[in-house]
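The values are calculated or read from the model by the stated rules, or taken from the named source; none is laboratory data. Please read all numbers here as calculations on a predicted model, not as lab measurements. Counting neighbours? That spans all protein chains shown, and the Cβs are built from the backbone with ideal geometry, glycine included.
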Amino acid sequence: MCAPNVCVAPHDGRPGTAAAAGQPQFPMMAADFPPLPSCPVTPINAADAWHILCALRTAAAGYPASLEGITVAADGTWHATRPIAPDAARLLDLLLPMACGGAPCVVAQIGQSLDGYIATASGDSCYVTGMQSRIHLHRLRALVDAVVVGVGTVIADDPALTVRHVTGPNPARVVLDPQGRAPRGARVFTERGATTWHAVCDPAQAAPGASALALPPGDAMATACALLQSLAQRGLRRVLIEGGGITISHFLQAGLLDRLHVMVAPLLLGSGRRTLTLPEIKSLQSALRPRCRSYALGEDRLYDLDLRHPAG
Ligand SMILES: NC(=O)c1ccc[n+]([C@@H]2O[C@H](COP(=O)([O-])OP(=O)(O)OC[C@H]3O[C@@H](n4cnc5c(N)ncnc54)[C@H](OP(=O)(O)O)[C@@H]3O)[C@@H](O)[C@H]2O)c1
């Protein structure tokens, strides 16, 4: 027997932050939760958690918000008033920082081999990571306002950038292409389902199937910053930088990323296109050491890096 409406998982959606006094010590992970008791109260499962995340994404009623036994504060703190399954708790831990509060958020994702490559030298990347990682990518797409890719990814992969592996809305699509090199027949320009912005230096070079977004002259970091400002002016404040490695590196170097999700797959390429390329550092003391949590995604491992907080 167990009492209904027992709070089984008080938790802070942001890693390592103390929650209310008297609650369990953090950081807690989904795996730390006690086993669900056998009782007639239906636990919140992963499908319920995804439904809650999608609803919170567009919540207009303000915070704290209560939905289906989960109460969420604007800072990502959440607690459950019903039993919750560990995979559902993990989903909330991981994705609430992007879904709630309405604050601007820039997250990048990349899927890489164990030895740090995202594709072969010829550009073959389908697929480095497994199905669970691809589902995670589609969840990220569904939670953001806009998804950004570099022109190298459009040329190599011809992605549609829509949400297909989960239910959820398509984000606006943005192709970062200062020189207007993207093929006019690319799926982002020809397939319907979402708005596409073609970010180019010369608006006359924008693809016919897209809206032009003019990039000011400047280096890659200034361009990345200007792009986010332009998107914010259009109401697109939650942004996923989906790849490739060069594009993510520019946003990272410019200090524009709030979070970086790296999915590491158990394969070795030995050569190819690198995940990240940043200016050389002389000492390990200069390495980026953000706060980090990791999760299993099938055979892959997801590292959720909180770039606004150093490791404790
Ligand atoms: N495994 C994964 O998760 C994943 C995800 C996405 C892509 N990929 C793979 O990654 C490869 C492509 O990645 P990539 O790193 O070679 O190229 P990329 O990042 O897709 O595109 C790089 C290009 O985009 C433009 N660009 C990006 N950021 C810019 C900035 N801040 N300012 C100005 N221009 C900017 C530049 O175009 P210009 O050179 O024209 O100036 C740059 O050369 C493909 O093989 C694809 O299959 C893998």
Next on the checklist: Testing residue 280 on (1) in contact with a Pro (Cβ under 7 Å, 6 or more places away or on another chain); (2) more than 16 Å from residue 109 (Cα to Cα); (3) of a type in the set (Asp, Glu), one condition comes back false. Which one is that?
Outcome noted: (1)
Next on the checklist: Suppose we filter 161, 114, 176, 137 for residues that are under 23 Å from residue 255 (Cβ atoms) and among the aliphatic types (A, V, I, L, M); which single one remains?
Outcome noted: 176
Next on the checklist: Going through 152, 218 one at a time, which residue ends up being modelled with pLDDT under 95, of a type in the set (Gly, Ala, Ser), surrounded by fewer than 22 Cβ atoms within 10 Å (Cβ to Cβ) and within 11 Å of the ligand (Cβ to nearest atom)?
Outcome noted: 218
Checklist entry - residue 160 versus (1) in contact with a helix residue (DSSP H, G or I) (Cβ under 6 Å, 6 or more places away or on another chain); (2) more than 9 Å from the ligand (Cβ to nearest atom); (3) free of Cβ contacts under 8 Å to residues at least 60 places away in the same chain; (4) not in a loop (DSSP other than H, G, I, E, B): which is the lone unmet condition? => result (4)
Checklist entry - Hey, residue 204 hits all of (1) within 14 Å of the ligand (Cβ to nearest atom); (2) outside any loop (DSSP other than H, G, I, E, B); (3) surrounded by fewer than 20 Cβ atoms within 10 Å (Cβ to Cβ) but one; which does it fall short on? => result (1)
Next on the checklist: With more than 12 Å from the ligand (Cβ to nearest atom) and within 19 Å of residue 152 (Cα to Cα) as the only criterion, which of 236, 268, 213, 288 stands out?
Outcome noted: 213
Item to check | Output for segment 263-312, where each listed residue is exposed (fewer than 14 other Cβ atoms within 10 Å of the Cβ) and of a type in the set (Phe, Trp, Tyr) | outcome: none
Checklist entry - From the list 226, 194, 232, 212, which one is assigned to a helix (DSSP H, G or I), at pLDDT 95 or above and either touching a Ser or Thr at 6+ places or on another chain (Cβ under 8 Å) or surrounded by fewer than 17 Cβ atoms within 10 Å (Cβ to Cβ) (or both)? => result 232
Checklist entry - Taking into account only those residues within segment 118-146 that are within 11 Å of the ligand (Cβ to nearest atom) and assigned to a strand (DSSP E or B), which is nearest to the chain's Cα centre (by Cα)? => result 118
Checklist outcome for this item: Looking across segment 163-181 at residues that are within 9 Å of the ligand (Cβ to nearest atom) and in a loop (DSSP other than H, G, I, E, B), the single one that is surrounded by the most Cβ atoms within 10 Å (Cβ to Cβ) is 177
Next on the checklist: Being of a type in the set (Val, Ile, Thr) and within 24 Å of residue 226 (Cβ to Cβ) is true for just one of 188, 166. Which residue is that?
Outcome noted: 188
Item to check | Selection status of residue 194, farther than 16 Å from residue 109 by Cα, of a type outside the set (S, T, N, Q), more than 13 Å from the ligand (Cβ to nearest atom) and in contact with a His (Cβ under 6 Å, 6 or more places away or on another chain) | outcome: no
Checklist entry - Can you spot a residue in segment 241-260 that is on the phi > 0 side of the Ramachandran plot, crowded, with 22+ Cβ neighbours inside 10 Å and either part of a strand (DSSP E or B) or within 16 Å of the ligand (Cβ to nearest atom) (or both)? => result yes
Checklist entry - In segment 72-91, what count of residues is obtained for those that are among the small types (Gly, Ala, Ser) and not in a loop (DSSP other than H, G, I, E, B)? => result 3
